[in-house]
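We did not get these values from a lab; they are worked out from the coordinates using the rules stated. Quick caveat: nothing in here was measured; it's all calculated off a predicted structure. Backbone-built Cβ (ideal geometry, glycine too); neighbour counts: all protein chains shown.
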Amino acid sequence: MNPFLTYSFFVLLLLASCGTYRYPNASGIREMAPEEVNSYYIDTARSFVYRAKLQAFRKDVNGSLLIKPLGREGCRVALISDFGQTLFDISIQPNGHELHYAMHDLNKRALVSEIASVFRIMTAQQHPTSALMFDDRAHYYPVYVADDCYYLMKGRKVERITQVKRAKEYVLIYYRDWNTAGVPTEVAVEHRKFPLAIDLVLDEEQSTL
């Protein structure tokens, strides 16, 4: 087969791995050595507490989100309202989750699974072996590809994660700011299928860093 046609087919096949979704301005994909990314939440000596504003299904909730790393294989995430009520408490593993508690309105299998999926994307360390290519050299920061997610980097930090399902953007996670130790201090989550948005601001006094 003509080498050019072989390369073109390879590029199209990889770009089609998420259906017909095409990352903005991407011209192809290249293989690379494994790159460790999204390592914010793997240190078991740390615990993270974020002030949380959650908008879900026309309801607004303010509270504290606790993230406790369980190592490189998962974390425990709990959301507690400002009134002291636990809204959910979930242990998240790479291929599943364990529900410890969810309030009645949230205790639905599909919803719990979706919440676990969102925080799995946010906290999971990845080792992508592919990166997008861009003809526009103004696109300076690399974008790595792992499973159904695209990791936009800023230096050594992940700035945005875009999860894609059925050729559409499904979940977007923005790391908007970091402290001097590289810990995310402002995080925003936007769900493109369900009316769900989360804004997080790190409470360094309550966290163990």
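Side notes on the structure shown:
- Dipole moment magnitude, nearest 20 debye, the chain about Cα centre, only Lys, Arg, Asp, Glu C-beta charged: 500 debye
- Charge-dipole axis of the chain as Lys and Arg at +1 and Asp and Glu at -1 on Cβ define it, positive-most pick from Cys75, Ile90, Ala197: Ala197
- Filtered chymotrypsin sites (Phe, Trp or Tyr not before Pro), the range 45-134: DSSP coil and at most 14 other beta carbons within 10 Å: Phe57, Phe83
- Inter-label distance, nm, simple model (7 Å from Cα along the C-beta direction), Phe57/Asp136: 3.9 nm
- When the GluC sites (Glu not before Pro) in the range 136-209 are filtered for DSSP coil states and for at most 10 other beta-carbon atoms within 10 Å of their beta-carbon, the remaining sites are Glu205.
- Qualifying trypsin sites (Lys or Arg not before Pro) in the range 71-134, where qualification requires a DSSP coil assignment and no more than 12 other C-beta atoms within 10 Å, comprise Lys108.
- Point-to-point label distance, Gln93-Glu204, nm (Cα→Cβ direction, 7 Å offset): 3.6 nm
- Ordered from longest to shortest, the equivalent ellipsoid semi-axes for the range 142-197 are 22, 15, 6 Å, each the square root of 5 times a Cα gyration tensor eigenvalue.
- Selection among Val164, Tyr50, Pro34 by position relative to the dipole of the chain gives Val164 as farthest towards the positive end (Cβ unit charges, Cα centre).
- Counting only alpha carbon atoms, the long axis of helix 3-15 and the longest principal axis of the chain meet at about 10°.
- Options (1) 33, 19, 15; (2) 23, 20, 17; (3) 29, 19, 15 - which one matches semi-axes √(5λ) of the Cα gyration tensor in Å as calculated here: (1)
- Taken as Cα centroids, the range 83-109 and the range 151-205 sit 21 Å apart, rounded to the nearest whole angstrom.
- Charge tally in the Cβ shell below 10 Å around Tyr40, where Lys, Arg are +1 and Asp, Glu are -1, Tyr40 excluded: +1
- For the chain: relative contact order, % (alpha-carbon pairs under 8 angstrom, 6 or more apart): 23 percent
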